[in-house]
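Nothing in this text is a laboratory measurement; each read-out follows from the coordinates by a stated rule. Keep in mind it's a predicted model, so treat the numbers as computed, not measured. Because the Cβ atoms are built from the backbone with ideal geometry, glycine has one as well, and the counts that use them run over all protein chains shown.
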Amino acid sequence: MLCLNKVPVHVKQEPIYTEGDHGRDEQDGELVKRRMVLSAMYDVLPVYGSVAFWRAIEAPGEDVLPLEVLVRCVRTAVSRGDDSGRKRIFEVIFRRLHVTNECWANTVLKTMNLQGVEQSALVCDLYADLCECIMRALTDERLHVCLECW
């Protein structure tokens, strides 16, 4: 039997640049530009809930919205109490993240000595837990300011 316990993760934060490095100003400028682009993309979306809005949210190929914009749309759905809209946007987000999240779950479980059938079952469980954690984080009002920085 496999027992997965929560393990605290300690991250050592180190500055990327030294005080004398001028690259930081350039990086901050790029971040500001990125936030402005994301904000503009969100602002030009059609009226929430309209057919055109859903077409933009679910656009395929080169027209896909950045995940940051989709997250802001999820928060809009939550603030409006639109449960079906929230689920629909999450579906788009998870379709985009599926391969990456599944690879992560497989990589985690490959570090354990498991049989094929056992690993397959646990991959599904771990993937589902990851999706649930993402949904909770993106809909948690206490994290609203931390996650939405533009």
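One residue alone among VAL47, VAL78 is surrounded by 15 or more Cβ atoms within 10 Å (Cβ to Cβ) and closer than 30 Å to VAL32 by Cβ, and that residue is VAL78. Would you confirm whether any residue within region 100-115 is without any contact (Cβ under 8 Å) to a residue 12 or more places away in the chain and surrounded by 12 or more Cβ atoms within 10 Å (Cβ to Cβ)? No: region 100-115 contains no residue that is without any contact (Cβ under 8 Å) to a residue 12 or more places away in the chain and surrounded by 12 or more Cβ atoms within 10 Å (Cβ to Cβ). Can you report the number of residues in region 34-74 which are at negative phi and not in a helix (DSSP H, G or I)? Qualifying residue count for the region: 12.
In region 50-65, what residues are loosely packed, with under 14 Cβ neighbours inside 10 Å and not acidic (Asp, Glu)?
Initially, region 50-65 is screened for residues loosely packed, with under 14 Cβ neighbours inside 10 Å, giving 50-52, 55, 59-63.
Within region 50-65, SER50, VAL51, ALA52, ARG55, ALA59, PRO60, GLY61 meet the criteria.
Of the residues making up region 46-73, those that are touching a residue at least 24 places away in the same chain (Cβ under 8 Å) and over 22 Å from LEU31 (Cβ atoms) are TYR48, GLY49, TRP54, ILE57, GLU58.
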